[in-house]
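> Let me give you the structure first, and then I'll get to my questions.
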Amino acid sequence: MVAPFPDIAPFRVDQVMQAPRAMAFLFVAQGVASIVIHIAGVQQRRRLWRGAVIALLLLVLLFFTLASWGNSDTTRFSHYMEWEPDRAPPELLWRVLRPLVLLLPYRMAAVHGLVATAVAAAPIALAAHWRARPWAGWWALLLICSPLLRGFLQNAHTRQALAVLLLLPLFLQAARLVRIDRRWVGLGVVLSALTHNTFVLNLPIALLPALQRIPEGWRELRLKARALSLQSLQRRWPLLLAGLGVLALLLMVAPTAWERFTDYSADEYFNSYSLRAIVGRLQRALALGLVLGCLQARQDPRRLLRCPLTQLLLLFGLLYHGIQASISGLWLPQITSRLADGVAFFLLILYLAWLHRYKAYWCILPALYVTLQYWLEGRILYSATFDCGRNDEFLCIPDRWPWQVRY
């Protein structure tokens with residue numbers, strides 16, 4: 001007989017332990033890998049660079065798989081997928097992946113580790129594309145350790161983190177940061193819709209950069225209106241089909257999303273991670289990096305403000321401040337608190353793009369110092385005070401091998 005699974009956290013009362021020294025070792029090893037990546041990138045040693053990148057990603061996978069074991073969502077979904085499938089994640093992608101998840105070591109903890117590894121791989125890929133290889137490791141650490149992404153990566157909001165990550169190609173295309181094949185963009189949009197119900201809100205956020213192109217688009221329409229022909233319409237039918245496909249996805253997800261919206265609105269729970277003091281420190285460090293970058297570039301502030309990338313960065317910064325204000329003012333914080341990490345993710349991507357645009361790579365150092373210092377002292381070493389087994393949370397790791405776990 002399987003005992004009924006509790007409805008109130010903490011869900012796990014055994015099979016966990018503290019390991020601050022071991023986790024600190026894994027964290028320091030990630031820093032060492034980033035140093036090797038930097039040296040190999042400066043010296044243009046491609047094989048060493050690739051090897052260090054692979055080592056960093058494997059360390060991230062191991063670290064986040066172990067660290068997320070104590071999170072409530074990880075625990076309950078690992079149990080539900082086998083014993084109570086009706087209470088497992090309802091989205092279609094997770095129902096399809098359920099047999100595979102049950103085969104993974106530590107189940108949903110391993111899924112979370114894979115998602116965190118993908119988050120780390122995104123800035124590394126951008127650094128390689130933009131020929132900023134020495135900074136690839138530091139960019140990855142800035143994201144995966146960021147207090148701005150605490151909900152995604154430290155509180156096991158795995159499904160929403162993956163849904164936002166799958167919209168990154170669309171975001172990069174809309175912001176004109178990277179040219180990506182439309183098929184990959186479309187695939188990312190479809191998978192995001194099947195991953196988490198917040199797709200209805202995440203999609204408009206990912207498309208915000210496209211607002212800058214509306215005036216240009218209207219001018220092009222006026223110029224081409226007289227030359228409109230059947231042939232030109234035939235060339236645009238893939239775009240029309242893509243638009244209809246996105247509309248169909250929204251209509252498919254909308255009923256469930258509206259149901260979750262009403263549930264969240266009636267729920268009194270919301271997280272206040274974005275209001276913590278460390279987030280304010282990091283925001284000031286990010287602003288300092290921008291000021292240092294402006295001084296290095298010797299740009300006139302008015303000219304700099306006309307830069308589309310600067311405008312986008314300010315837009316997402318203001319949007320994040322708006323979310324913070326809504327939480328502190330208790331204006332639908334149950335909803336806005338769940339959007340903070342997605343906005344922060346795109347904000348950090350824009351920040352890295354801005355540093356690349358103005359070749360101010362070293363200006364990441366203030367934000368990187370605040371992030372890593374907090375991560376090591378305020379999270380990893382502080383986990384020595386946790387009462388794992390009574391109040392399980394991030395960094396309460398498994399005390400046994402995967403095949404010895406009882407779900």
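> Name the single residue, out of those in the range 280-304 being among the basic types (Lys, Arg) and in a helix (DSSP H, G or I), that is modelled with the lowest pLDDT.
My answer is 302.
> If I ask for residues that are part of a helix (DSSP H, G or I) and either modelled with pLDDT of 95 or more or surrounded by 15 or more Cβ atoms within 10 Å (Cβ to Cβ) (or both), which ones from the range 263-279 would you list?
Answer for the range 263-279, where residues must be part of a helix (DSSP H, G or I) and either modelled with pLDDT of 95 or more or surrounded by 15 or more Cβ atoms within 10 Å (Cβ to Cβ) (or both): 264, 273, 274, 275, 278, 279.
> Where residues in the range 337-361 are of a type in the set (Phe, Trp, Tyr) and over 16 Å from residue 207 (Cα atoms), which of them is modelled with the lowest pLDDT?
Selected residue: 358.
> Moving on to the next point. Does the range 305-322 contain any residue that is over 23 Å from residue 164 (Cβ atoms), free of Cβ contacts under 8 Å to residues at least 40 places away in the same chain and outside any loop (DSSP other than H, G, I, E, B)?
Among the residues of the range 305-322, at least one is over 23 Å from residue 164 (Cβ atoms), free of Cβ contacts under 8 Å to residues at least 40 places away in the same chain and outside any loop (DSSP other than H, G, I, E, B), which makes the answer yes.
> Continuing with the same structure: Evaluate the following for residue 296: is it polar (S, T, N, Q) and touching a Cys at 6+ places or on another chain (Cβ under 8 Å)?
Judged against the criteria, residue 296 is a match.
> Taking the range 137-183 as the region of interest, how many residues are among the polar types (S, T, N, Q) and over 16 Å from residue 195 (Cα atoms)?
4
> List the residue pairs whose Cβ atoms are under 9 Å apart, where the first residue sits in the range 12-31 and is on the phi > 0 side of the Ramachandran plot, the second is part of a helix (DSSP H, G or I) and buried (at least 16 other Cβ atoms within 10 Å of the Cβ), and the two are 6 or more positions apart or on different chains.
Close Cβ pairs satisfying both conditions: 15/69.
> Given (1) without any contact (Cβ under 8 Å) to a residue 12 or more places away in the chain; (2) not in a helix (DSSP H, G or I), identify the lone condition not met by residue 389.
Against the list (1) without any contact (Cβ under 8 Å) to a residue 12 or more places away in the chain; (2) not in a helix (DSSP H, G or I), residue 389 comes up short only on (1).
> Right, next: Residues that are touching a residue at least 40 places away in the same chain (Cβ under 8 Å), touching a Gly at 6+ places or on another chain (Cβ under 6 Å) and among the aromatic types (Phe, Trp, Tyr): does the range 45-60 have at least one?
yes
> Right, something else. Could you tell me how many of the residues in the range 24-81 are under 25 Å from residue 93 (Cα atoms), of a type in the set (A, V, I, L, M) and under 20 Å from the mean Cα position of the chain (by Cα)?
Residues flagged as under 25 Å from residue 93 (Cα atoms), of a type in the set (A, V, I, L, M) and under 20 Å from the mean Cα position of the chain (by Cα) within the range 24-81 amount to 7.
> Which residues, taken from the range 7-48, are in contact with a helix residue (DSSP H, G or I) (Cβ under 6 Å, 6 or more places away or on another chain), part of a helix (DSSP H, G or I) and aliphatic (A, V, I, L, M)?
The answer is 23, 24, 26, 29, 33, 36, 37, 40, 42, 48.
> In addition: Residue by residue through the range 152-177, note down the ones that are closer than 24 Å to residue 311 by Cα, within 18 Å of the chain's Cα centre (by Cα) and in a loop (DSSP other than H, G, I, E, B).
Once the filter is applied, which keeps residues that are closer than 24 Å to residue 311 by Cα, within 18 Å of the chain's Cα centre (by Cα) and in a loop (DSSP other than H, G, I, E, B), the range 152-177 yields 167, 175, 177.
> Of these, 362, 331, 354, which one is aromatic (Phe, Trp, Tyr), out of contact with any strand residue (DSSP E or B) (no Cβ under 7 Å at 6 or more places or on another chain), farther than 30 Å from residue 21 by Cβ and outside any helix (DSSP H, G or I)?
From the options 362, 331, 354, the qualifying one is 331.
> Is there a residue in the range 93-113 that is under 19 Å from residue 140 (Cβ atoms) and free of Cβ contacts under 8 Å to residues at least 40 places away in the same chain?
Checking the range 93-113: not a single residue is under 19 Å from residue 140 (Cβ atoms) and free of Cβ contacts under 8 Å to residues at least 40 places away in the same chain.
> Looking at 99, 90, which one is surrounded by fewer than 18 Cβ atoms within 10 Å (Cβ to Cβ) and in contact with a Ser or Thr (Cβ under 9 Å, 6 or more places away or on another chain)?
90
The values are calculated or read from the model by the stated rules, or taken from the named source; none is laboratory data. As the structure is a prediction and not an experimental result, all values here were calculated from the model. Counting neighbours? That spans all protein chains shown, and the Cβs are built from the backbone with ideal geometry, glycine included.
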